[in-house]
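This report concerns only the one structure given below.
The values are calculated or read from the model by the stated rules, or taken from the named source; none is laboratory data. Not measured: the values here are computed from a predicted model. All Cβ positions, glycine included, derive from the backbone under ideal geometry; neighbour counts span all protein chains shown. These accessible areas exclude ligands, DNA and RNA; they are computed on the full protein's heavy atoms, side chains included. Shrake-Rupley method; radii C 1.70, N 1.55, O 1.52, S 1.80 Å.
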Amino acid sequence: SQQGEEDPQALSIQEGENATMNCSYKTSINNLQWYRQNSGRGLVHLILIRSNEREKHSGRLRVTLDTSKKSSSLLITASRAADTASYFCATDVWRGSTLGRLYFGRGTQLTVWP
Amino acid sequence: DAGVTQSPTHLIKTRGQQVTLRCSPKSGHDTVSWYQQALGQGPQFIFQYYEEEERQRGNFPDRFSGHQFPNYSSELNVNALLLGDSALYLCASSIWGDRNYGYTFGSGTRLTVV
């Protein structure tokens, strides 16, 4: 399987704390993306990191990518109750120059308590 | 600028019936991919359409078929519904061949097969 696998499966923290989620994958990727999903609804794209990048920031989000270890991490700083959601990493794998598709893991359920 | 629109939001069907789900991509996007997300799982790739042709397909039976129209909108058809087809069906739009752009997902259609 080329799926990304998130760790931990569930994470429970207090508001203001940082949340770290990890993702491992198995094959070469074009990029890796993180998505958020609230209560089984649509996926919201959070951040994309290309295979030649090592770290990327967006607001309170920090993503790292280690292609040698085939792993990535998502850090959410100063978490808020509104950050409560499921977080998925997705590897964007391409065949040739045009055929790209996403492979998802099972996600990390983050709960942030007020 | 409208994002990805999916209809209907919810659907209840009986085993053996057929269902059609619809998706309108984000403005400027020409490629539509469909994903199935079972409860507690990550999304699984069904297939991808570009220029009204199926370009790649995941590990789904022929009961799952699709169509893309000249205006880039797409339909997902599932025949002979099984209880196991109950899931959230997500549509994602993108730009064909663009390796460095994230996918935009719709809010999904929740299909329940009884």
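For segment B:19-29, a tally of residues being buried (at least 17 other Cβ atoms within 10 Å of the Cβ) and part of a loop (DSSP other than H, G, I, E, B) returns 3. Scanning segment A:95-110 for residues that are at the interface with chain B (Cβ under 7 Å from one of its Cβ atoms), outside any loop (DSSP other than H, G, I, E, B) and open to solvent by 50 Å² or more (accessible area, probe 1.4 Å) yields a count of 0. Out of A:Thr67, A:Thr84, A:Thr91, A:Thr77, one residue alone is touching a residue at least 12 places away in the same chain (Cβ under 8 Å), within 20 Å of A:Arg106 (Cβ to Cβ) and open to solvent by 40 Å² or more (accessible area, probe 1.4 Å). It is A:Thr84. Counting only strands (runs of 3 or more DSSP E) wholly contained in segment B:41-91, the ones carrying 3 or more residues that are open to solvent by less than 40 Å² (accessible area, probe 1.4 Å) occupy B:44-50, B:64-68, B:74-78. Take the conditions (1) touching a residue at least 40 places away in the same chain (Cβ under 8 Å); (2) within 14 Å of chain B (Cβ to nearest Cβ); (3) farther than 14 Å from A:Asn18 by Cβ; A:Ser58 misses just one of them, which is (1).
Restricting B:Val19, B:Val32, B:Val113 to those that are more than 23 Å from A:Asn38 (Cα to Cα), more than 10 Å from chain A (Cβ to nearest Cβ) and touching a residue at least 24 places away in the same chain (Cβ under 8 Å) reduces the list to B:Val19.
Does segment A:31-41 contain at least one residue that is open to solvent by less than 50 Å² (accessible area, probe 1.4 Å), over 15 Å from the mean Cα position of the chain (by Cα) and within 14 Å of chain B (Cβ to nearest Cβ)?
Checked segment A:31-41: at least one residue is open to solvent by less than 50 Å² (accessible area, probe 1.4 Å), over 15 Å from the mean Cα position of the chain (by Cα) and within 14 Å of chain B (Cβ to nearest Cβ).
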